[in-house]
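Asks: Here it is: the structure, laid out below.
The values are calculated or read from the model by the stated rules, or taken from the named source; none is laboratory data. Keep in mind that what you see is a predicted model, and the values were worked out from it rather than measured. We place every Cβ from the backbone using ideal geometry, glycine too, and count neighbours over all the protein chains shown.
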Amino acid sequence: MIGKDEIESLIERYDTNRISIGTLGSHSALNIFKGAKEEGFRTVCVCTRDREIVYRRFPVVDEFIFVDRFSEILDEKVQERLRELNTILVPHGSFNAYISMEDMLGRLYVPMFGNRRLLSWEISRDKQREWLLKAGLNLPRVYSSPDEIDGLAIAKLPGARGGMGYFLADSPKSFYEKAEKMVRNGYLSREDIKNIQLQEYVLGVTAYFQYFRSIIKNEVELLGMDRRYESAVDALGRIPARDQIHIDLNPTYTVVGNIPITLRESILPEVLRMGDRVAKIAEEIAPPGIIGPFCLEAIITDTGRIYAFEISARIVAGSNVGIGTSPYAYLKYGAGMYMGRRIALEVKLGIEKGMLGKILY
Ligand SMILES: Nc1ncnc2c1ncn2[C@@H]1O[C@H](COP(=O)(O)OP(=O)(O)O)[C@@H](O)[C@H]1O
Ligand SMILES: [Mg+2]
């Protein structure tokens, strides 16, 4: 594993007057790059040719490094170029998807704005659960075996698959029937079935809270909120029930976009406290805790009870809804603040105060 001292010696060799903010060209890269530019940084995009159009059409990138696959960010030549450009990498969801945890921890010799050590907590559902429970959050009940199912349950596969292959069951019988069918249709393998986590299905609306934990200001900020626009589950309501029964639908939760939301103000106290507690526990389980953005995925019931079902300890794509417009960021910072820019601002403050070593890992 790359030691903190190694990252520090990389930073020492950097020209802090010429820092670039870099990331992979996908997920929330526009958000990150735009924010970096607005705070006066140069930007560097590790990009594949098929996605180049995005970062040319929206002029937010100063330097491109083209690769055939995102995992080539690990290549020595790419890393060398990134360091040459004094790059601080901002990790997002595609890092988890394309780079293994071992490689993130052991082979990426570029300073990163984010705590790599939290990654092992983030990618395991069980560890996430432990973290959130320690923080005193309400979580959906977990059934330890399909035979325990006594109400509506959601079956989830390990790792973030964007809801692919998830299904609902309301009894042991319906679970085994559906699982069998999913295997037969090629959606799941037998191995998948063994690794399924069964959660109580919480009836309510989803809300994703985007926080920023600032080490420099010693504060947890709420900067935005969204819900996901998921195919096909968000399309089901447009089909009458009798037709749904006929075509034997199974909801899938593939994210295709995000929708901004603002919450009833009476729900905000709990949302703010949840963020504080999650950040506090992170300091204990993986010092120095969360660096910068994190997101709690939650369901809010009709009684206002908030159930958290997932956490991301990095920028989430939902924060893209806030580029230039987030009401919560506005309340805190005035016009034009959003997650990507907040990241760049923290880096800028880090440089000014000589605290880069505290926020880069
Ligand atoms: N316990 C639950 N009750 C009701 N709906 C849920 C529950 N857990 C997840 N969902 C729905 O399923 C989607 C995907 O679940 P999630 O755990 O976030 O999977 P992924 O790891 O693929 O992001 C969520 O966005 C939400 O719409
Ligand atoms: Mg999720």
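Asks: Considering Tyr330, Tyr338, which residue is without any contact (Cβ under 8 Å) to a residue 24 or more places away in the chain and either within 19 Å of Tyr208 (Cβ to Cβ) or within 15 Å of ligand 1 (Cβ to nearest atom) (or both)?
Replies: Checking each option against the conditions leaves just Tyr330.
Asks: Restrict the check to segment 200-221 and report whether at least one residue is surrounded by fewer than 20 Cβ atoms within 10 Å (Cβ to Cβ), modelled with pLDDT under 90 and part of a loop (DSSP other than H, G, I, E, B).
Replies: The answer is no; no qualifying residue exists.
Asks: Sticking with this one: Determine if segment 84-107 includes at least one residue that is at pLDDT 95 or above, under 16 Å from Arg13 (Cα atoms) and exposed (fewer than 15 other Cβ atoms within 10 Å of the Cβ).
Replies: yes
Asks: Here's something else I'd like to know. Considering Asp170, Asp150, which residue is over 17 Å from the mean Cα position of the chain (by Cα), away from ligand 1 (no atom under 14 Å from the Cβ) and not assigned by TED's automatic domain parsing to the domain that holds Val278?
Replies: Within the list Asp170, Asp150, the selection yields Asp150.
Asks: Just the residues that are farther than 23 Å from Glu12 by Cβ and of a type outside the set (Phe, Trp, Tyr), please, taken from segment 108-125.
Replies: Step one: filter segment 108-125 for residues farther than 23 Å from Glu12 by Cβ, giving 118-125.
Matches in segment 108-125: Leu118, Leu119, Ser120, Glu122, Ile123, Ser124, Arg125.
Asks: Name, by its number, the condition in (1) touching a residue at least 60 places away in the same chain (Cβ under 8 Å); (2) more than 14 Å from ligand 2 (Cβ to nearest atom); (3) among the hydrophobic types (A, V, I, L, M, F, W, C) that does not hold for Ile193.
Replies: (1)
Asks: Out of Ala241, Ala286, which single residue is surrounded by 17 or more Cβ atoms within 10 Å (Cβ to Cβ), away from ligand 1 (no atom under 16 Å from the Cβ) and among the small types (Gly, Ala, Ser)? Walk me through how you get there before you give the answer.
Replies: Working: Ala241 fails: surrounded by 17 or more Cβ atoms within 10 Å (Cβ to Cβ).
Among Ala241, Ala286, only Ala286 is surrounded by 17 or more Cβ atoms within 10 Å (Cβ to Cβ), away from ligand 1 (no atom under 16 Å from the Cβ) and among the small types (Gly, Ala, Ser).
Asks: Is it the case that segment 96-107 has a residue that's in contact with a Pro (Cβ under 7 Å, 6 or more places away or on another chain) and of a type outside the set (Lys, Arg)? It would help to see each step written out before you state the result.
Replies: First, pick out the residues of segment 96-107 that are in contact with a Pro (Cβ under 7 Å, 6 or more places away or on another chain): none.
No, there is no match, as no residue in segment 96-107 is in contact with a Pro (Cβ under 7 Å, 6 or more places away or on another chain) and of a type outside the set (Lys, Arg).
Asks: If you don't mind, there's one more thing I want to ask. Can you name the residue in segment 128-156 that is buried (at least 19 other Cβ atoms within 10 Å of the Cβ) and without any contact (Cβ under 8 Å) to a residue 60 or more places away in the chain and is also nearest to ligand 2 (Cβ to nearest atom) among such residues?
Replies: Per the criteria, the residue is Lys156.
Asks: Sort out which residues of segment 314-345 are under 23 Å from Ile88 (Cα atoms) and surrounded by fewer than 17 Cβ atoms within 10 Å (Cβ to Cβ), and write them in order of number.
Replies: Those that are under 23 Å from Ile88 (Cα atoms) and surrounded by fewer than 17 Cβ atoms within 10 Å (Cβ to Cβ): Gly324, Gly336.
Asks: Quick one: His246 ticks every box in (1) more than 26 Å from Ser100 (Cα to Cα); (2) surrounded by 13 or more Cβ atoms within 10 Å (Cβ to Cβ) except a single one, so which number is it?
Replies: Result: His246 fails condition (2) only.
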